[in-house]
2 protein chains.
Amino acid sequence: MNGTLHDRIRTDFETRILSGELAPGDRLPTEQALMAHYGCARMTVHKALSPLAAAGLIERRRKAGTFVARPRAHSMVLDIPDLAAEVAARGQAYAYRLLGRTLRAADASQSAMLELDGVHTADGRPLAAEHRLVAAAVAPGIETADFARQSPGAWLLAHVPWSEAETRITAAAATAAEATTLGVAKGAPLLCVARRTWRAGRLVTLVRQAFVADAYELVARFGPRG
Amino acid sequence: MNGTLHDRIRTDFETRILSGELAPGDRLPTEQALMAHYGCARMTVHKALSPLAAAGLIERRRKAGTFVARPRAHSMVLDIPDLAAEVAARGQAYAYRLLGRTLRAADASQSAMLELDGVHTADGRPLAAEHRLVAAAVAPGIETADFARQSPGAWLLAHVPWSEAETRITAAAATAAEATTLGVAKGAPLLCVARRTWRAGRLVTLVRQAFVADAYELVARFGPRG
DNA sequence: CAGTGGTCTAGACCACTGA
DNA sequence: CAGTGGTCTAGACCACTGA
């Protein structure tokens, strides 16, 4: 067993859960019991179990204890480029609707940028609002692309090879504009995916997608060294 | 500022980093300085900054200090269903090669299972080894599917709508079989993606993909409530 | 070799919630 | 109302590594 004590405790439980020895709904020992079993302080036990709770592998309730989590009802893998395929796989009709298109001319501080606003829909219901900036110089042809047939993301994936990408996921309250686009109340919770993509060190696109929280849920469980 | 103190400290730095106030390479205050600034114990500062380091937003080096991380060189978004598109987007030729196909007949304990082994390649180079089990009853037609043209994942995505999925990512050492398949040394580090997919409560497929670690890197940065 | 972060301890007070 | 987890303290020793 390499690594730190809290790593070892965490790995112990990951192993027991992933192997099925501990099944969904099973109760884990209390922190007190684990302190005694591993001969360590409570903070160390807590540090071991916290990431498992954050990753959704276990659920912790005060007074009741700690339990192996049941698989979530609605889940979706982090999959930004092929939203269309994901929706199709659910047996729904996917569409992208362009809402706004602005070409910002180049100036001293930055090169020309195409600004695109749109919404992804599943069976006509808004699924995600998308705000995107594209560096026009790095994506030749995008000014004349037809986004009625293909979303900007799909167009870029097909036309501009990227080499580096960075994704951030956050939760946020719907702004007034997002609320209108998505047909939810202002302040409703949204799942936001912000992504920056580079090609050979040059920024290609910057996109922010806001998903209706109860229509989508992202799940990604990380194991050791995740 | 809602939530706990360590949440507040973490949010402070997330905000300053995402806004660009703190640029890549910039040094953050030491834990000692932050203890004084926030009037708290060192553990609390540490608890605030640890997740940022785990998420790759900052880098910490003993003696040197804490710095805003530079974007990683090679990265890829969690995107299991459309590996083919990802590889194509990098300007490489994608292929799936089937290595083994076994039909396990139904018995008392479980229904019929199709076991598929294969390898995903980019420009002919092995990228990921895939081991997959498919519940034959839930995926009618899969017994006669041709995986020379389409990977099992793509076939399933097109033919069997799924409703729930769960993904786990871990690092593991290559087994002898994986090493042979991928053309790496036994024990070489692999990035493993294990995924279970359900349809209406019934398990459809169980897949384990092992990526050559230096050919692929998964990056997903999580913000607050991630 | 001194500064910095990594881990861990042994406690404390509190919030929540099920028996 | 008692058990459980959530947070936090004030310290300790150590590992690493750059000045």
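Quick look at the values:
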item: One residue from B:GLU130, B:GLU59 being of a type outside the set (A, V, I, L, M, F, W, C) and either modelled with pLDDT under 80 or more than 16 Å from DNA strand C (Cβ to nearest atom) (or both); result: B:GLU130
item: Hits in region B:95-119 (condition: touching a helix residue (DSSP H, G or I) at 6+ places or on another chain (Cβ under 6 Å) and at pLDDT 80 or above); result: B:LEU114, B:LEU116, B:VAL119
item: Meets criteria (under 32 Å from the mean Cα position of the chain (by Cα) and either at positive phi or away from DNA strand D (no atom under 13 Å from the Cβ) (or both)) for B:THR30; result: no
item: Which listed residue is outside the structural domain of A:VAL207 (by TED's automatic domain parsing) and modelled with pLDDT of 90 or more, from A:THR15, A:THR44; result: A:THR44
item: Count of region A:33-43 residues which are more than 10 Å from DNA strand D (Cβ to nearest atom) and in contact (Cβ under 8 Å) with a residue 24 or more places away in the chain; result: 2
item: Residue ID - nearest to DNA strand C (Cβ to nearest atom), chosen from residues in region A:32-48 that are more than 14 Å from every other protein chain (Cβ to nearest Cβ) and surrounded by 18 or more Cβ atoms within 10 Å (Cβ to Cβ); result: A:VAL45
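The values are calculated or read from the model by the stated rules, or taken from the named source; none is laboratory data. Please read these numbers as outputs of a predicted model, since none were measured by experiment. With ideal geometry, Cβ positions are generated from the backbone for all residues, glycine too; neighbour counts draw on all protein chains shown.
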